[in-house]
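Before any comments, here is the structure.
The values are calculated or read from the model by the stated rules, or taken from the named source; none is laboratory data. Treat the numbers as computed from the prediction; the structure is a model and nothing was measured. Reconstructed Cβ throughout: ideal geometry from the backbone, glycine too, with neighbour counts over all protein chains shown.
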């Protein structure tokens with residue numbers, strides 16, 4: 001399972017207007033759907049509900065009719081109101097059961113975990129995102145890491161699909177796959193690192209990146 005996590009500031013540059021960054025993020029969602037990415041998580045935690053809803057609705061429209069599902073980071077209300085496919089709950093958020101009690105049938109509910117204990121308490125989720133695995137541009141150097149060993153321990157502790165997060169790249173995704181994780185979630189891996197300017201749009205075609213990542217996980221699954 002592959003999850004693209006949004007970050008409009010990194011995607012379109014800190015100087016971008018909300019409209020420009022929204023447009024760029026929607027383009028990225030289209031590329032994600034074209035590449036067969038499983039989940040697009042809209043994680044724009046600084047936005048007010050109305051602005052967040054505008055982005056979510058546009059992402060839902062951009063991926064409609066494809067296998068890609070749009071989920072919203074923690075804002076269950078926005079996810080339901082905008083017709084998103086699910087919600088991703090923070091580790092300190094409401095219980096998965098509470099989200100399911102108000103969500104429509106088939107609604108996807110994921111959760112962030114940082115330890116084996118976290119994972120074993122969240123086995124009613126559809127998937128878990130575990131991290132932070134490696135140093136990441138979205139986290140400070142002081143942020144604690146679970147590393148490859150911590151990821152492996154979490155993956156071995158539960159039957160729920162585990163997606164690794166934190167500094168995941170095309171270079172280290174093979175090591176992630178060997179832990180038993182079911183997939184990965186990333187921000188920077190799905191952007192053009194070479195785009196320049198005050199307000200670039202780093203949205204790019206993602207098929208080759210996604211296919212390469214899937215091969216890493218598939219090769220581990222098929223190894224005798």
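Comparison of 26, 40 shows that the only residue that is outside any helix (DSSP H, G or I) and touching a helix residue (DSSP H, G or I) at 6+ places or on another chain (Cβ under 6 Å) is 40. For the stretch 138-159, the condition holds for at least one residue, the condition being that it is under 28 Å from residue 18 (Cβ atoms), touching a residue at least 24 places away in the same chain (Cβ under 8 Å) and surrounded by 12 or more Cβ atoms within 10 Å (Cβ to Cβ).
Taking the criterion of being assigned to a loop (DSSP other than H, G, I, E, B) and in contact (Cβ under 8 Å) with a residue 40 or more places away in the chain, the only residue of the stretch 90-130 that qualifies is 126.
Of the residues that make up the stretch 44-57, is at least one within 14 Å of residue 6 (Cα to Cα), within 16 Å of the chain's Cα centre (by Cα) and in a loop (DSSP other than H, G, I, E, B)? Within the stretch 44-57, one or more residues are within 14 Å of residue 6 (Cα to Cα), within 16 Å of the chain's Cα centre (by Cα) and in a loop (DSSP other than H, G, I, E, B).
Residue count for the stretch 170-203, restricted to those that are surrounded by fewer than 20 Cβ atoms within 10 Å (Cβ to Cβ) and touching a strand residue (DSSP E or B) at 6+ places or on another chain (Cβ under 8 Å): 2. Quick check on residue 151: is it in contact with a strand residue (DSSP E or B) (Cβ under 8 Å, 6 or more places away or on another chain), at pLDDT 95 or above and within 23 Å of residue 79 (Cα to Cα)? Here the answer is no, as residue 151 does not meet what is asked. Considering the stretch 160-201, and only residues there that are touching a helix residue (DSSP H, G or I) at 6+ places or on another chain (Cβ under 8 Å) and part of a strand (DSSP E or B), the residue that is farthest from residue 20 (Cα to Cα) turns out to be 162.
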